[in-house]
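**Student:** Shown below is the structure under consideration.
The values are calculated or read from the model by the stated rules, or taken from the named source; none is laboratory data. For clarity, every value in this text was computed on a predicted model and none was experimentally measured. Neighbour counts are summed over all protein chains in view; Cβ atoms, including those assigned to glycine, are modelled from backbone coordinates with ideal geometry. The protein model used for the area step is the full one, side chains on, heavy atoms only, and it has no ligands, DNA or RNA in it. Shrake-Rupley method; radii C 1.70, N 1.55, O 1.52, S 1.80 Å.
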Amino acid sequence: MFDALKTFIAEVSGAEPLARRFDEEDYRLAAVALLVHVANVDGNTGLAERRRLKTLIGERFGLDPEAAAELIATAEQSDREAVDFYHFTSVLKRALDDEGRQKIVEMLWDIAYADGTADEFEENTIWRIAELLGVSTRDRVLLRQRVAGRVPRAAPFEGPWAAAAAKGKA
């Protein structure tokens, strides 16, 4: 809607409309907007999440670093303008089959676990998005477990208080 208004204003004023490589009906933009939202939902978008986001986009969508950066910037703007997830999920439902939508949910979990753990805001957001995408609770949980299984675990605590820490007494 905002893009149509911007285009109309540009046409009326005689200015050239901005060319966008990723339009609002592009499933990649919808997916990355959701990924950006999950990365930002806990209020702390760390370096690990930003790196993982760039890597995921490059791997899954076959984009070079420049195109990936452009897609992320466009997705961040789309996420800021969005009032809910429906627009993004409806684009994804039209463009992808069940397997494709499950891959999107897996990518969301991947971003949530990029910093080592998924917090409650990230979990709730992914649950809501998965529901809108029509991904079953069972599949959502299995995808979460698959991604969590790939997350490296912290080294066990060592030192004179290790036994007490293991029992929860430290």
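**Student:** Ignoring ligands, DNA and RNA, please state the percent of accessible area on the range 15-127 from carbon and sulfur, probe 1.4 Å.
**Tutor:** Working: 2870 of 5820 Å².
On the range 15-127, the fraction of accessible area on carbon and sulfur atoms equals 49 percent.
**Student:** If you plug each phi of the range 122-139 into the Karplus form 6.51 cos²θ - 1.76 cosθ + 1.60 with θ = phi - 60°, what whole-Hz ³J(HN,Hα) values come out, in order, with x for Gly and Pro?
**Tutor:** 5, 4, 5, 5, 5, 4, 5, 5, 4, 4, 5, 7, x, 8, 5, 4, 4, 5
**Student:** What list of ³J(HN,Hα) couplings, whole Hz, do you get for the range 81-91 from phi and the Karplus terms 6.51, -1.76, 1.60, once you set θ to phi - 60° and write x for glycine and proline?
**Tutor:** After applying 6.51 cos²θ - 1.76 cosθ + 1.60, I find 7, 6, 9, 7, 8, 4, 4, 5, 5, 5, 4 Hz.
**Student:** Under a crude label model (7 Å from the Cα following the beta-carbon direction), how far is Arg50 from Asp64 in nanometres?
**Tutor:** 2.3
**Student:** Residue by residue through the range 23-36, what is 3J(HN,Hα) from phi via Karplus (6.51 cos²θ - 1.76 cosθ + 1.60, θ = phi - 60°)? Round to whole Hz and write x for glycine and proline.
**Tutor:** Using θ = phi - 60°, the values come out as 8, 5, 9, 7, 4, 5, 5, 4, 5, 5, 4, 5, 4, 4 Hz.
**Student:** Continuing with the same structure: How do Ser136, Ser90 rank by accessible surface area computed with a 1.4 Å probe, from largest to smallest?
**Tutor:** Final ranking, largest accessible area leading: Ser136, Ser90.
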